[in-house]
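Take a look at the structure set out below.
Just so you know, all these numbers are worked out from the coordinates, no wet-lab data involved. Remember, predicted model here, so these are calculated numbers, not experimental data. Every residue, glycine as well, gets a Cβ built from its backbone with ideal geometry; the counts of neighbours run over all protein chains shown.
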Amino acid sequence: MPGMAGRAGLAIAAVLFLYACGGGGGGGSSDNGSGSGELPLSWTPPGGTATVAVDASHPFLQFTTSVDAGAMLGVSQGRELFLAEWQAAPGERPLLDGLGPLFNANACGACHSSDGRVAVLNDGGATTSAILFRIGDAAGAVHPVYGGQLQSSATAGAAEGRVTWRISATTGGLEYVPEILGGSPLGDFKLGPRISPQLVGVGLLDMVPQEQILAYADEFDDNSDGISGRAHWVTEEGLSRLGRFGWKAINATLRTQNAGAMHQDMGLTTPVNPAENCTAAQTICDSEASGGAPEVSEASLSAIVDFMTVLGVPQRRITDQNRFDRGARLFESVGCASCHRPTMTTGANDRFPSLAGQTIYPYTDLLLHDMGEALSDGVREMDAGPSEWRTPPLWSIGLVEQAPGARFLHDGRAGSIAEAIDWHGGEASGALQRYRALTETEKADLLAFLRGI
């Protein structure tokens, strides 16, 4: 949860945000009722013009109402493609065929639901399609047969493998057990679990200017605060870009993030990834029918990106304004806001101009941080080491916690927000110590704040 304090001026700005005009939505201005003379906190909508009212039963995948109706045609088409169940080629609906032949899920909605985070652990030890497993090692190599991700389903023959879960008799913690079906053992390669995140405000994060994110970076800890958030540079479509999506920031844009998920999770080719997701050692991609070249057209990919861009940010849920404000101040003083930075500002967007120039409150810096050996899974992705993770946005995390079976952290080891905090290490060690030094009342206030943002 904690992380990079940034340079001195940025740290001061974070304090000014919290004690003067910061905030995120849903309650006007209020002081903390302590009589301490502190300035009141003023809360503005968490997603700017993309803020939406909370639908308790389906809080996510809502459209913002601020977008011009003329731009909504692509959005509606994207929503249909997002929710549709794709099928193997040749299918009855050519627009939706091409699934697989190796895949994890047949629909985007299988992993990203409107009511929260899809449960990843089923009774009896089965895992769901809402968790995927990277395959790799600490040097960044991927498996010579299975590639960089284990596919648990196939349109013909055997899938690569499946993974079950259990509680370790040694540590008492969650562990995953692979069953390899493809005939080639994993050997020294490790599994890197990745749970599916909730989709909230991702279009706004896509619009944050690169320079703003880079201003938060402090790769060599120049201010000696123990925090060294760094940018993850990735090569996409022939360009070097700043990664900002995924647990290790391996995608720089919503376009490439969606294309990557469709390629690896659903076995669909796109203009970004025109080759099937088989390795040279796998012949199934040659023997099974293709759904086109590519299977997801440029128009379809653009429509899905449009849909993702206009997803709204649920309004804050504040039942006790004074307590919420106390929690906000504790969040900053403990050090959480050093990495889970409260505010960002969106840049220009010609297609959806109403979303440009908005102050938003995602609580992230979109940078990589070394979170310590306890959170390492032994898998390097691109230039992100095994213990490095992108700061996950925290907005609407309280709504996530309400969903049955919700899990937290990259591998789902935590069953609550409080458990997730206790797993923080590495660069977050100092903030964790300060959090643990709080009184029980103060911890409760901080957690109430997190559940309300």
> Are any residues in segment 355-401 among the hydroxyl-bearing types (Ser, Thr, Tyr) and either touching a Pro at 6+ places or on another chain (Cβ under 6 Å) or crowded, with 20+ Cβ neighbours inside 10 Å (or both), and if so, which ones?
Replying inline: 361, 363, 364, 376, 387, 391, 396
> What are the residues in segment 318-344 that are among the charged types (D, E, K, R), surrounded by fewer than 24 Cβ atoms within 10 Å (Cβ to Cβ) and closer than 21 Å to residue 364 by Cβ, if any?
Replying inline: 329, 332
>> Name the residue that is nearest to the chain's Cα centre (by Cα), counting only residues in segment 143-170 that are under 22 Å from residue 413 (Cα atoms) and of a type in the set (A, V, I, L, M, F, W, C).
In response: 150
> Which residues, taken from segment 259-307, are among the charged types (D, E, K, R) and either assigned to a loop (DSSP other than H, G, I, E, B) or under 21 Å from residue 155 (Cα atoms) (or both)?
Replying inline: 265, 276, 286, 288, 295
> of a type outside the set (Asp, Glu), touching a Ser or Thr at 6+ places or on another chain (Cβ under 8 Å) and buried (at least 21 other Cβ atoms within 10 Å of the Cβ) - does that describe any residue in segment 180-199?
Replying inline: yes
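How about segment 77-132: which of its residues are in contact with a strand residue (DSSP E or B) (Cβ under 9 Å, 6 or more places away or on another chain), surrounded by 18 or more Cβ atoms within 10 Å (Cβ to Cβ) and small (Gly, Ala, Ser)?
88, 89, 98, 100, 105, 129, 130 - these are the residues of segment 77-132 that are in contact with a strand residue (DSSP E or B) (Cβ under 9 Å, 6 or more places away or on another chain), surrounded by 18 or more Cβ atoms within 10 Å (Cβ to Cβ) and small (Gly, Ala, Ser).
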> Taking segment 126-153 on its own, how many of its residues are within 15 Å of residue 276 (Cα to Cα) and in contact with a helix residue (DSSP H, G or I) (Cβ under 7 Å, 6 or more places away or on another chain)?
Replying inline: 1
